[in-house]
Every structure is written in C-alpha cells, then in structure tokens.
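Quick notes on the structure that follows.
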C-alpha cells in the first residue's frame, strides 16, 4: 500500500484521511472530462483558422482566439478544482462551489456569437 508520505503534492495528500475511493475516482473523472473539453476547445480554435470557412476574418480570428485561450486555461482550472475537491473530501469538508463553469460557458457563448456574426457578414459579401 502506498503511504500518504510518498504521494504528491504533499500539501494535499498530507492532510486528513483517505476518502472513499469512489469519491477520489469520480473527482478524477471530472478532471479528465475538463481535459477532454480543453482538447476540444483547442481543436475548434485551430480548425477555425486552418479551414477555409466563409466567416469574416476578424470574427473568425476572435472566435479562434477565445477558444484557444479557454483551451489553455481549462486544464489549469481543472487541476485547481480537482485539488480543492480532493482536499475537501480528505478533510470531511463540504465540496467547494464550482468556479470554472461560468467562465467556460461565457467564453463558448462569445466564441459562438463571433462565428455567427462572422458567418452572417461573410455570406453577405
């Protein structure tokens, strides 16, 4: 069995007691879902610039930048959320409120609106 002394980061695994494995695994699955989301955001941003789409260039570039920035920020946010949730489970505290979801939602809406406006302007030319 692995002792908590050998697990990293120590500031996380060195406190509290080992939670039920189901909670840790569910927390890890959520982390991995955020990573998949980040990959999809990056792919969407790259695709907007790589493909010859009938979207007005400034709006296409704006949407691509938003998606790539979200794709870069999401893994950091995912790790931070994973650590907060794991620490709460280890110390028998209530789970903290989610914080990254609103940023992700607003960013995707802004990127979508940019593509919509760019498409409307691109098709009218």
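The values are calculated or read from the model by the stated rules, or taken from the named source; none is laboratory data. Note that the coordinates shown come from a computational prediction; the quantities given were computed from them, not determined experimentally. Cβ coordinates were reconstructed from backbone atoms using ideal geometry, including for glycine residues, and neighbour counts include every protein chain displayed.
Which one of these is surrounded by fewer than 17 Cβ atoms within 10 Å (Cβ to Cβ) and either in contact with a strand residue (DSSP E or B) (Cβ under 9 Å, 6 or more places away or on another chain) or part of a loop (DSSP other than H, G, I, E, B) (or both): 36, 7?
From the options 36, 7, the qualifying one is 7.
Would you point out which residue out of 95, 121, 53, 110 is modelled with pLDDT of 95 or more and either surrounded by 12 or more Cβ atoms within 10 Å (Cβ to Cβ) or out of contact with any strand residue (DSSP E or B) (no Cβ under 7 Å at 6 or more places or on another chain) (or both)?
110
Out of (1) over 30 Å from residue 21 (Cβ atoms); (2) part of a helix (DSSP H, G or I); (3) touching a helix residue (DSSP H, G or I) at 6+ places or on another chain (Cβ under 7 Å), the odd one out for residue 119 is which?
(3)
Looking at (1) exposed (fewer than 14 other Cβ atoms within 10 Å of the Cβ); (2) within 19 Å of the chain's Cα centre (by Cα); (3) in contact (Cβ under 8 Å) with a residue 12 or more places away in the chain; (4) farther than 30 Å from residue 121 by Cβ, which one does residue 103 not meet, given that it meets all the others?
(4)
On the given criteria, is residue 65 at pLDDT below 95 and out of contact with any strand residue (DSSP E or B) (no Cβ under 9 Å at 6 or more places or on another chain)?
Answer is no for this residue.
Taking the condition within 14 Å of residue 114 (Cβ to Cβ), surrounded by fewer than 19 Cβ atoms within 10 Å (Cβ to Cβ) and touching a helix residue (DSSP H, G or I) at 6+ places or on another chain (Cβ under 8 Å), does residue 65 pass?
For residue 65, the condition - within 14 Å of residue 114 (Cβ to Cβ), surrounded by fewer than 19 Cβ atoms within 10 Å (Cβ to Cβ) and touching a helix residue (DSSP H, G or I) at 6+ places or on another chain (Cβ under 8 Å) - is met.
Does at least one position in region 46-68 carry a residue that is part of a loop (DSSP other than H, G, I, E, B), free of Cβ contacts under 8 Å to residues at least 60 places away in the same chain and either within 15 Å of the chain's Cα centre (by Cα) or within 23 Å of residue 11 (Cβ to Cβ) (or both)?
no
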